[in-house]
Structures are given as structure tokens and as C-alpha cells.
1. In nm, to one decimal, how far is the E131 label point from the N523 one, both placed 7 Å along Cα→Cβ?
2. Which of the pairs K732/K849; K161/K527; K744/K849; K505/K538; K202/K452; K732/K816 have their Cα atoms more than 23 Å apart in this structure?
3. Take every Cα-Cα pair in region 306-412 and report what % of them are more than 15 Å apart.
4. Near K616, which aspartates and glutamates are there with a Cα under 13 Å away, not counting those fewer than 8 places off in the same chain?
5. At a Förster radius of 45 Å, what calculated FRET efficiency corresponds to the Cβ-Cβ distance of E21 and D332, to the nearest 0.05?
6. Does region 74-152 come out rounded, prolate or oblate by the C-alpha gyration tensor, with a ≥ b ≥ c the root eigenvalues, rounded set by a/c under 1.5 and, if not, prolate when a/b is larger than b/c and oblate if not?
7. Quick one: work out Rg over Rh on the C-alpha atoms of the chain, Rh as Kirkwood radius.
8. Between the DSSP loop rule and a limit of at most 14 other Cβ atoms within 10 Å, which trypsin sites (Lys or Arg not before Pro) in region 736-800 are left?
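The values are calculated or read from the model by the stated rules, or taken from the named source; none is laboratory data. Bear in mind the structure is a predicted one, so any value in this text is a computation, not a measurement. In this analysis, Cβ positions are derived from the backbone assuming ideal geometry, glycine residues included, and neighbour counts consider all displayed protein chains. The area values use the complete protein model at the heavy-atom level, side chains included, leaving out ligands, DNA and RNA. Shrake-Rupley method; radii C 1.70, N 1.55, O 1.52, S 1.80 Å.
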Amino acid sequence: MAENKKEFQFITEIPKNTYGEKFEDLFIYPLYDEGKVAIQLTTPADCEKISWQILDQDRIIAANSAPAPAPGSLFQATETVPDFRPWNVNTPYLYTCRITLTHQNDEQSCAIRFGMRKYSISRDSFFLNNENLYLRGVIRGREAHDHPDLLNLGWYEYYAKYMRQMKRYGFNFIRFHSFVPPMECFQAADELGILIHIELRKYYGKYQKERSRMDSQGSLLNREEWAEMVRRLRNSTSLMVYCMGNEIDHPGRNPICQEFYEMTHRMDPTRFFLDTCSRGEFDRTSVDLDVQHMSYFFPWGHAYDMFDNPQNWLISGSASGIPMIVKEKEDDPDWTIARKVPSRRPVIAHEICHYSGLHDLETLGRKFDQHCPQDRPWWIDELKKLVALKGFTNQYDIMIKTSHRFRELAWKLNLEAARRSKLLCGFHFLQFCDTNRYENSNGIVDCFDDSKGVSEQEFQKFNGDTVLLADLPRRVFFQGDTVTAPAVVSHFSAELAGTMTFEFKLVNSDGTPVRQGTLSDINLNEKGRHDLCVVTFKLPVTSKPEAYRLIFSLLDANHKAVVENDWNLWSFPNQPQALPEYQVDIRLENIFPLIRYPQLRQQEGAKLRLQNRFTKDLLEHVGNGGDAWVMYRVPVTRDRKVRAPKEKYYLPAVWDRFKAIIWDRGHNSGAFIRDNAALDGFPNDGFVNLQFANLINDCDKVILDDFPVQVEPIMEGVDRAVRDRFDVYNFKLSELQPAYTMRKFAYLFELRVGKGRLFVSAFNFTGLNQADPETVGMFESIMRYLNSSSFAPKAAIETEALAEYLLRKGEGPIIKERRMTQYWQLDEEPLESLKYWNEALAYIDEEVKETDIWMKAQANKLSLEDKSKK
């Protein structure tokens, strides 16, 4: 599985001047509030008169001239643009300014297109033309987040196609990561209404090492290159942000950043300056806006409000040197004092939503073969081999759909959390398009900028100009519970104004409304984030679990929904007494079903045993004709957090979290559900959604890669296909890694063992102790199934074969995830710390040693067996 070394070289030079030598520093910029355009030029030698015309399309709407000042002096003039039409992201209207320099009878002219627009800020908002603006940005530029012109479209259409696509999904802004694009990109953005952020500090390849050197030595950028870039780009209407580079350490303490801030505003006072995307101190003064990393958490559970929490900015420290965190001691302190960090300027969330899914390898391979076979990535065929090696060829289509469904859920959760935030004024979405460079599939569109089937209409519900939001940290309830759902509007639409009517509906699975109400006189004249109302309703009491959809709408005067969004809710009966009086032999640790279900009769030796681990006694019980439900949960799965003894009878499992894969962090790409009566009492549509969140989070997800018999899990988890970056960088494992990717995961499976039946769940059932509705619903559904005639496993294994497999696994090394995924599993820190990196590496080193010892022991064992036979 060797990597093709062919690489595409992206443009990294400053765009060339196309105006001509005499117009080298020509600057045309709008004075929006005055209704004028300003003209600025250093007078060339031998120039007697400077003339200008303002054209609306081909029609001259203003013209004037003036004697040229002395050569080398600065010429400045303004001209009124009568009844001008503003340039904005929805109506990017452009005018032309034609400048003519006259010397005797010789004339030289230059025409520059411009838009009447104004960028401005307040303490907590961006404004375009004095209208509140929410930046919905995407990231491209670095080859890890981009792709070359695979269709040979030419630079203009290459960028324009991308921009048209991103606008269909509601985005309005591009951050070019460590990159300055060619002028054709700015031309397309001017014409299509896209806002642009550029970064001059390039990506050189050995990124972390070189970045550290430049940050510490202060040689961040070349001053002449920066000044030249500003001169070349400042006539582009769409350009909004000049940024020095990505993740520069301690910019507030580096005087060069202040110098560049002042130089930029002297040369172009109409735009914003940013020293670094992320890592900047909260109290530095040399920026107009801030881009902050809001953590690698997932906005659910304990991190539901992660976009309203600036405390992870403590990591970047203070430019003035004030202490940010004081601890009693570094490791496991008894007390900590953390400074509350205020926001001093508009804040954008750094690099959110970079969730990986699976590629449609067949479709992608055909497109490369059709359009650019010479650029076909090496990893397409290698991933096909990996799919075949793991036995997934016949089910790969459902695995793709599963990963995409889970990723779309993650996008919705993230973008809605960002739009609910009282702190944020925008975000940088990573990323809109797939890259062809790596096997990651992070994009909404593919590396040809073609759709991958993500619904534009559904995506715009949470990424449009105006979005309705429900503040719902819980989605699963008991029937009869009162649900409180604060309604928020993130309103930045230029078309919506006046008063509207707010409507909510709660509809059941067949679309019938069961709760419904309206509130009139919702004022939409003011842009921004606004709390609208609080919706409270009681869930119906029915005889069975239910799935609902909560719909929020804004209705116009004709009672037509002009803005709408919806969320899934689930309810379960709160009737523990309805569970029949089953005889059970309960041998569980830390899970106590008898508290809620006293009617379950505890009887040692009962036919059905509940146990959380495998033992010799349990295997004998099942082999002799008994039934067992192994609610698998063993301490060694969490060995990375708390060291634990190995299991003698070990079923390999990974420590799972309910959150999507963040680039190469994690292994949860969702799960699909095969038809089985075990889940008859647990509403689902065949895929994982939020009703499974508490069951999956902190669970022991089973690995069936080398299980002795073929098993089709009732609920099968989908793993990632991407390598851990440190396997490539540190361990030189450039090929795909079958041991750590595309594993066969199971949340639920069953099989016959000897004369009995075995049911295995990987879910976290500790919520049963607190009567969490989803845990209660799952427990009751499975209990009814196990005591019914429907419990009829198809797969079978002999007792001795299962025991031998579990014992062999127990003798071998435990499952230890790679360096990036350990962070995802721990779910403790907003960003990886140096302490974490060192501990993660040491943990992997332990695995290498354990594996080596085990393999030598196995070889010795085989040698002794061979001698015995001889």
C-alpha cells in the first residue's frame, strides 16, 4: 500500500500587478456613508492631468479631471456615485472607475471595478454597509483543505464553481489558510458576492517545526512582501481580512504584529487586520477582530454550550502577562483559580466541523478516470483493498450512508450551537470541499466541487441568513414530561423584515400534529441574535415509545413559512411496573436494575443471566442451554484513564464517545441497525441519532474483526478510514493501517453458544441507575425480546471455541488507540496539551512493548508444541 508521491503545487506568490507601471499603487475605494468613491495615486513623472469616469455597466454616470500634482506626490480625489446600488453578498453590484493619465497628447488609462460597500465593527458585531453581518466561512488554501483544478477549468471558473456551490449551502466567506489566491479568485468573489480572508505566511511542509521557529525568533513575515500584497489586493471589493498567518504563538507580545497592524491600516484603512487565526491573547491590541479555537469538544452533553465558553482561551495567555490560571499544583490539584476571559472585539470560531466520513470510492474513481486519470489519488485503490480485506464490499454502500448521516447530524449540532452563541459573530467551517491529497472525506462537496448528496434545503435550515434555533440540551424524555424549548433567531437576512408570526408544532411519526401554537408580532426589523420566546409543552402519554419532530416556523402575513427548522425528540413510557416479572440471575457491577424493577426476581441459576463481563461460569451456563445478556462494560476499556487489570476472558473493545470523528481523532462514524425485534421498543429509522447518545457515550464498543464466526451485528458501528497523522509523522507508517481503521464494530449482537443463547450489548447502561429515559427504554426493549420467542440467533459457535478466543485475547495486548484518538476518548481538555502528547506517546510505546512480549511468548509456545509433537 505505497503512497503515490505526485503532489500538486498551489499558487503561493503575491498576485501580479495588471494595471500597468504608472498605476502601480492606484487605490480605488468606496466612501459608503458619503455616497462617493475615493481615488488615490502616486503621480508618475511627466503627467499633466488626471481624469476619471465612473461607469455603471457601459454608462458614464460621473466624470471629472484635475491637474496632476508634482511627480511623486500623492494625488487624491473623490467622486459622487449618484443613487448607488450597494455591493453585498446577496447583490454584488459592481461599478467601474476608469482613470486616464495625460501627458501632452499621450494618454494611458486603467479601469478598475469596485463595489460600494463598507466593512465596520462594533465590540461584538461585524457590519457590511452598516447592516449586522454573521460570517459563515469556509476554509481552503492549504493543500490539506483544498484540491487542484482537476477539471482544467482555468483559475476563474475553478474558484467560481466553488463559490457558487458554497453559496447554495449558505456560506458567505472564505478563509484562505496560509495562502494568497490569484487575482482570478478575487474577480470571481467580487462578481459572486463572497468575502475573502487571506494569509501571507505560507505553509512550508514541515509546518509545526518551522512555525515554532518563526514564532520564537520573530521573523514572521517580510515587510516588503506584506506591503506589496496590500497594494496589489486592496482594489478587490471582496477582500475583507488581511491576516499574517495561522496559529502564531503569542502575537500580542511580538512588536512585529503591532508594526504590521499600523502599516496595514495606513495603506488600507477600509479593511480588517488580524495577526493570527487562533492562539492570540485575549487582551492584545493589534487586531480588529479575533479568531479563537473554541475546543475540540462536541457540542452535546457536557460541552453543549462550548461556543459560549471562552475559558479555553486561557491557553493562549495574556499579552500583558497577567496570570490566567493559578493551581495548587500542576497534576491533580486540590484547587484552581481561572480568570474569566472577556470578549473585547468580534469573535469568529476557529476551524469547526472538520468531521470525517467515508468516501464513495467507486463514484470518485470513475470521475478521476474520466477527467484526469493521471491525478488519480493512490488512496482510492488502497481503500478499496482495505474494504475488501475487512469483508465490507457488500455492505460498503450502507456504511457510506451511515457515516454521512452521522456527519450531517454533527454539522447541524455544531452550526446551531454556533448560531445560538451570544459570543460568536461567525465561524470558519473546516472544510467545504474534500481534498484529493489525503483519504479524509471532510467536505460537503467532493474534490471536483460536485455535490455529494447533502441537501441544500436542509443545510440552509441551520446555515441560512436567518435561522430559527431551539435550545434543547435534551432530546429524550418520559411521556408526560414537560419540555421547555427556548426559541432563538439568528437573523441576518436582508430580505426579511417587519413582523412575523412564530409557530411551533410537535408532530408524531406519521406527521400528525399533537401539539401546536402560535405567537404573533415577532419583530424582525433588527438584525442579530435574539431570544424570541420560550415554548413549553407536555409530551403525550401513549401506550408505546414515540418519535416526534419539533418544528419552529416564522410565518408571513399569508401564513406561509418563510423560515423553518426542526429537531427530533423521543419519548418513552415511565411505567417500570409494566415490565413483566421475569426470573433473572443478575451479576452486574455498577448497574442496578432491581432499584427500578423490583418485580425482576433475582434467582441464582435462572435461565437468563445478566452480567457485564465474560467468565468461565457464564460460558458454561450458556453452553449448557442457558441464556445470557452480557452488558459488556469492563475497566480495562478505560485503561487510558485509570489503569486496570486485564480481563481473563477478554472481548476486544474500544472506549467510545458520542461524537463524530474530528479529522483523524476518534472512531465513531455512526451506526446502522439491521431489522431485529430487540429494538422494537426503541424508535429508530435504521441509523444512530441523539436517542442513542447517552447509551453510546462512555461505552465499550466491541471489535469483531477476527471473531471466530461470522456475525452480523444487530447494530453495527462504522469506523474511520483515515490514518492517525502521527502514525505517518512519528512512526513512518505511510500506508493505511488495517489494525486501527475500518474495524467491524458492534453495539448489539447475538449468537448461539453450544446449547444456549448469548446476547451482547456494548451500550453504557449506567444511566439505568438514574432512570434516564433512553436507557430505560433500551433496557425494557431488550428484556422483552430476550424473554420472547423472537430471540433466535442465527450465528452459532461452540462453547470451547468462544472460550479459547476470549482467553487468547485476554493473554494478548489490550486495545490501545492511537495518539490522536486517545484525546478524543478522554474528552477532558479543549485542546491537546504538551502533557497529553507525551502521555499519549508513552501509552503507545507500552503497547509496542506488550505486543512484542506477547508475540515472543506465542512463538515460544508454538515452538514447544512443535517439539512435543515430534
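1. Result for the modelled spin labels: 2.0 nm.
2. Cα-Cα > 23 Å for K161/K527; K744/K849; K202/K452; rest within.
3. More than 15 Å apart: 77 percent of the Cα pairs in region 306-412.
4. Output for K616: E647, E800, E804.
5. So, using R0 = 45 Å, E works out to roughly 0.10.
6. It comes out oblate by the Cα gyration axes.
7. Dividing the radius of gyration by the Kirkwood radius yields 1.02.
8. Taking region 736-800 and a limit of 14 other Cβ atoms within 10 Å, the loop trypsin sites (Lys or Arg not before Pro) found are K755, K794.
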